[in-house]
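Inspection log for the structure reproduced underneath, given as structure tokens.
The values are calculated or read from the model by the stated rules, or taken from the named source; none is laboratory data. What you are looking at is a predicted structure, and each value in this text was computed from that prediction instead of being measured. Cβ atoms come from the backbone with ideal geometry, glycine included; neighbour counts cover every protein chain shown.
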Amino acid sequence: MKMQTTTANFAIAGIYFSGRWAQTSHGLYTTNLGARLYTQVTGTRQVELDFSTQSEPEGVWLAYKIDDGDYQRCNLTQMPLKIQLPDLQTHLISLVYSGNTPQDNVWKRHGGLYFDQIQTDSAAKLTPVKPAGDVITFIGDSITAGSWVHGKTAGQDYCAEGNFAALAAEQLGLEDVRVAYPGAGLVKPGSGGVPVAAQFLDKIDATHSWTPQPSKYVVINLGTPDKKANEIEFRAAWELFMQKVQLLYPQTPKLVMIPFSQRHAAVIREESIEYPQTTILETADWPLTYTDGLHPDLASSSEIAHRLVEALTTNN
């Protein structure tokens, strides 16, 4: 992906924090899998990064890569993270909040991811960089967040850096902003203390608000967790949610994906089409495979990304 230099967006020199982060009294914090940081490093062979959580550290996973290399993964028991660089030349470090567990109370008890510090040689130069393209915002549940991509072990088998949202954003050359929480629906609250979708759109946790970023596209994939909701309550909740999305992103083209489970498909189709610049993406005939009958596996994540990119570029 093409990158460009930018300015640091928090009071941490040399780093650009991408996605949903908030400056809290305890430090810089995110609750969203898929949140990232980028820094361009020159003049050192090692960068040391430290992260923490109030959840169990073995369940909180990061993925990082150097330049265009493969992602490497670690959990927070391996902090500080010491990234070895091949030489003193300029290199890009990309890091993603990749996995957590349903038990992590990210909303009220600091169970998300805290960035603590970065350390390197005094001679090193750190430059904040970001994707050169516009933002693409993904709103969804565990499938959009990147849960259960590799298997059935929470945290370890999550893959926010390799699910359909990450792959589509990379193919489009856009900055991936994830507003997605495992277990969260329109009627059903998410795991980790997370509220329903209409309530988390402009908040990062119970006490910190978030201002949506201007986006080229908004992609919505919600409804699967609402298996116990009847049609009347789901329809009312979906209408409230779409009204808020329209308020927050009034000029942005929106693509609503019918859930792969097809749950509440008719209501989603009927209610969404009433909003301007909103397209429905049907998914019923997609040849997908799953790790657990519900969450697309790695191969299907690539298939979904391909079809999503095609829909976005064809319709817009």
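Determine whether residue 93 is in a strand (DSSP E or B) and over 22 Å from the mean Cα position of the chain (by Cα). It is false that residue 93 is in a strand (DSSP E or B) and over 22 Å from the mean Cα position of the chain (by Cα). The strands (runs of 3 or more DSSP E) falling completely within region 1-72 that include 3 or more residues that are crowded, with 16+ Cβ neighbours inside 10 Å and at pLDDT 95 or above map to 16-18, 27-30, 36-42, 46-52, 61-66. Screening residue 157 with (1) surrounded by fewer than 24 Cβ atoms within 10 Å (Cβ to Cβ); (2) among the acidic types (Asp, Glu); (3) touching a helix residue (DSSP H, G or I) at 6+ places or on another chain (Cβ under 9 Å) gives one miss only, at (3). Among the residues of region 118-130, are any in contact with a Ser or Thr (Cβ under 6 Å, 6 or more places away or on another chain), modelled with pLDDT of 95 or more and under 24 Å from residue 203 (Cβ atoms)? Yes - at least one qualifying residue is present in region 118-130.
Considering region 262-284, and only residues there that are of a type in the set (Asp, Glu) and more than 18 Å from residue 143 (Cβ to Cβ), the residue that is surrounded by the fewest Cβ atoms within 10 Å (Cβ to Cβ) turns out to be 274.
Selection over region 76-95 of residues that are in contact with a helix residue (DSSP H, G or I) (Cβ under 9 Å, 6 or more places away or on another chain) and over 25 Å from residue 25 (Cβ atoms) gives a count of 2. Here residue 314 qualifies as out of contact with any helix residue (DSSP H, G or I) (no Cβ under 6 Å at 6 or more places or on another chain), of a type in the set (Val, Ile, Thr), without any contact (Cβ under 8 Å) to a residue 40 or more places away in the chain and outside any loop (DSSP other than H, G, I, E, B).
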